[in-house]
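Asks: What follows is a single structure, and I will ask about it in a moment.
A short reminder: the numbers here are calculations on the coordinates, not readings from a lab. Since the model is a prediction, treat every value here as computed from it, not as a measurement. Backbone-built Cβ (ideal geometry, glycine too); neighbour counts: all protein chains shown.
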């Protein structure tokens, strides 16, 4: 408790307690002294710098006892001529701890005053046994790998020093955090800048619970739409753990070894698993990077229009190791491209995928429409008789308006081309200026339609004489 400075002040003389002569922000604190390391200061002042020295007597009071708690060199102080102030220093004596006490200085009016001996002013300061700080963090047991905050109660202007018993941790922050890996005792002390004052050294004991060691495993690559198995191993082994997986695309699971039935295109990235010991709530974690392979789909032309009765209407696509399907839901396909049936007008859907790096792509859809490309009638005879009787003397195509024969070719059984014509010209059964032998011959017919489209036919024709 302080007496208010100036409460007994006259108009000529005063006294004040002076903050410690130490670096800021200590100078801005209340005046104090520390036994054995930091003296206290009182400043006696007069209002006018007279041309003569002035001696003033003083006495001490307060809860501290002169000669037991502190010493002072004299019982008077002299303000030099032409000056306005002089300091009085008290030195605290190291004694048994008694707590903070007050030292109050009373300054009397000088002997040349008519009321000599009367108290002119008073001031007080606090006398500490030592710098004192208090550990706020209690002894505790923690999980390994945890950042744990340490807290101490004490003035901000002190310099703090933290050390651990295993020499692995040091800090000069007032309230640092420590990464706990082993059991230890952490001690803190403080010092006053610009002095040799050192505080007490409270400590906190940290014991540990070992966090589980977690190892996640899974294939580094997985094909899109294929199963993905995630696994975790925990040490020490046991059943007393809770699990939580998280991953790309909002993936989440509390199963230790979850199975993703079909990996999605958005499933590439980091998968993280946390294992919590149910008895002490310590958590271990691990992660694994997984890439979901998504091959490009084959390049196709769709929709496609195929003329009715077109022969060998086989589909094509651009890709690698193609597999063809007749239904989107099919899981077993064929490496052979399908041949579209063109006998009837119809609409078909086919699907094709490609294999890249062992992964099958999504299916590309091909829409096929079998349409009647020409409106007229086409008749191809199965036989002809080139005997100059005026009946069926030529192998020629009977057709209505709307067709144009681009090509009509006839081959013998050895594949030799005997006739290559177009338009309405037919084969007269001769080759090289001589009559061809009686027998079977093969033909290829290609016709274009007036309203678009191509009609192709192949077959055999019998030459009869």
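Asks: Roughly speaking, what is the centre-to-centre gap between the stretch 197-258 and the stretch 127-184 when only Cα atoms are used, to the nearest Å?
Replies: So the two Cα centres are separated by 29 Å.
Asks: Describe numerically, in nm with one decimal, the distance between label points set 7 Å from Cα along Cα→Cβ at residue 270 and at residue 130.
Replies: Result for the modelled spin labels: 4.8 nm.
Asks: What is the packing order of peptides 60-70, 89-99, taking the mean over residues of other C-beta atoms within 10 Å and listing the highest first?
Replies: Sorting 60-70, 89-99 by mean packing, highest first, produces 60-70, 89-99.
Asks: For the stretch 123-216, what is the convex hull (Cα atoms) projected area averaged across all directions, in square nanometres?
Replies: Average of the hull's projected areas for the stretch 123-216 equals 7.5 nm².
Asks: With only alpha-carbon atoms counted, please give the Rg and Dmax of the chain, in Å.
Replies: When restricted to the Cα atoms of the chain, Rg and Dmax are 53.9, 174 Å.
Asks: What number, in percent, do you get for the relative contact order of the stretch 213-284 if the mean sequence gap of Cα pairs under 8 Å and at least 6 apart is divided by its residue count?
Replies: 35
Asks: By how many nm would the segment from residue 344 to residue 327 grow when fully extended, if each residue of separation counts as 0.36 nm and the alpha-carbon distance is taken off?
Replies: Net length gain for the segment: 4.1 nm.
Asks: Continuing with this model, one more query. How big is Rg to Rh over the stretch 70-128, alpha-carbon atoms, Rh as the Kirkwood inverse-mean-distance radius?
Replies: 1.05
Asks: Something else now. With no solvent and one equal point scatterer placed on each C-alpha of the stretch 376-465, evaluate the Debye formula and give log10 I(q)/I(0) for q = 0.10, 0.19 Å⁻¹, two decimals.
Replies: Debye output, listed in q order: -0.24, -0.84.
Asks: Hey, quick one: spin label on residue 259, modelled 7 Å out along Cα-Cβ, who in the stretch 217-253 has an amide N within reach, i.e. under 13 Å?
Replies: Counting backbone N atoms under 13 Å from the label point, the list is 227-231.
Asks: Evaluate the relative contact order of the chain (contact order divided by residue number), counting alpha-carbon pairs under 8 angstrom at least 6 apart; express in whole percent.
Replies: With pairs under 8 Å counted, the relative contact order is 9 percent.
Asks: In the calculated pair distance distribution of the stretch 195-327, what percentage of Cα-Cα distances lie above 25 Å?
Replies: 54
Asks: At 0.36 nm per residue, and after removing the present C-alpha to C-alpha distance, how many nm does the segment from residue 407 to residue 172 gain when stretched out fully?
Replies: My answer for the length gained is 74.8 nm.
Asks: For the stretch 182-244, calculate the relative contact order in percent as a whole number, restricting contacts to Cα pairs under 8 Å that are 6 or more residues apart.
Replies: 26
Asks: If R₀ is 51 angstrom, what is the calculated FRET efficiency for the pair residue 102 and residue 244, using the beta carbon separation as r and rounding to 0.05?
Replies: That pair, residue 102 with residue 244, gives E of 0.30.
Asks: Quote the FRET efficiency, to the nearest 0.05, computed for residue 279 versus residue 365 with a Förster distance R0 of 51 Å and r equal to the Cβ-Cβ distance.
Replies: Once rounded, the FRET efficiency stands at 0.35.
Asks: Report the Rg/Rh value for the stretch 213-284, based on alpha-carbon coordinates and the Kirkwood definition of Rh.
Replies: Rg/Rh: 1.00.
Asks: What is the calculated FRET efficiency for residue 47 to residue 156, with r their C-beta to C-beta distance and R₀ = 51 Å, to the nearest 0.05?
Replies: That pair, residue 47 with residue 156, gives E of 0.90.
Asks: Which of the peptides 152-158, 249-255, 78-84 is most tightly packed, and how do the rest follow, going by the mean number of other Cβ atoms within 10 Å of each residue?
Replies: 152-158, 78-84, 249-255
Asks: How many nm separate the modelled label positions at residue 387 and residue 291, each set 7 Å beyond the Cα in the direction of the Cβ?
Replies: Reported label-point gap for residue 387 and residue 291 is 7.7 nm.
Asks: When the gyration tensor of the stretch 89-167 is built from Cα positions, what are the square roots of 5 times its three eigenvalues, in whole Å, from largest to smallest?
Replies: With the √(5λ) rule applied to the stretch 89-167, the semi-axes are 49, 12, 10 Å.
Asks: In whole angstrom, note down how far apart the Cα centers of the stretch 380-435 and the stretch 265-332 are.
Replies: What the calculation gives is 53 Å, centre to centre.
Asks: Another one. Rg and Dmax of the stretch 54-193, Cα atoms, in Å?
Replies: 23.5, 77
Asks: Ordered by packing density, taken as the mean number of other Cβ atoms within 10 Å over each peptide's residues, highest first, how do 347-358, 299-310 rank?
Replies: Going by the mean number of other Cβ atoms within 10 Å, highest first, we get 347-358, 299-310.
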